[in-house]
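What follows draws every value from the coordinates through simple rules; no lab data is involved. Everything numeric here is computed off the predicted structure, so don't read it as measured data. For neighbour counting, all protein chains shown are included, and Cβ atoms are generated from backbone atoms with ideal geometry for every residue, glycine included.
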């Protein structure tokens, strides 16, 4: 069945270091979304990428959608302690109804001050 | 304030009891979802509803039931048939066709002993 995989599962960085998480889909996606979940909190939508090769930036966060629309990445420059949390990617679940998402298992980021 | 509310935040039950988790939204969103999150896991879809009076099973519906009698409300019942009910339960909603991002409530952490 359709799968969305994320690596790494965990990442520990020193504050100020960069961080990247990768998302790979078993199928071509019409779009990909990224969410952030703070410890003890709930997922919050960050961004949606739609176009092949698309790159979007939000301050220190850079999101990319691969040319084949099967992979994506989130890069954080110069991490801060406020970046701590789990980052999930999600794509449309083609086995379900329109609007259903399939989530990766997430990358948990910890930042040492 | 517009948003999704879930109550209670923490819930404790004895094994063999049914329990109902509340989810209310005032965003006027058509679609609503229930996810289960276990440590180190992504979000797994339990049930979803695209419109009032209609709902569909997700990937892990066994041992759960839902209703959608009002647009604003989508309660989830965890029945005694659910073999491993202890988890973090998240409710989400989505605006409608063409808008794919989902908005999550704060979640209910259910512990069954």
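Worth a mention:
- Once the Cβ-Cβ distance of residue B:22 and residue A:98 is raised to the sixth power relative to R0 = 35 Å, the FRET efficiency obtained is 0.85.
- What the Kirkwood sum gives for the protein assembly as shown is a hydrodynamic radius of 18.1 Å, with every pair of different alpha carbons counted.
- Within region A:94-108, backbone nitrogen closer than 16 Å to the virtual label 7 Å beyond the Cα of residue A:30 toward Cβ: A:94-102
- For the options B:94, B:13, B:68, a Gaussian network treatment of chain B with springs between C-alpha atoms closer than 10 Å singles out B:13 as fluctuating the most.
- Under the simplified labelling scheme, the residue A:52-residue B:5 pair shows an inter-label distance of 4.8 nm, with each label point 7 Å from Cα along Cα→Cβ.
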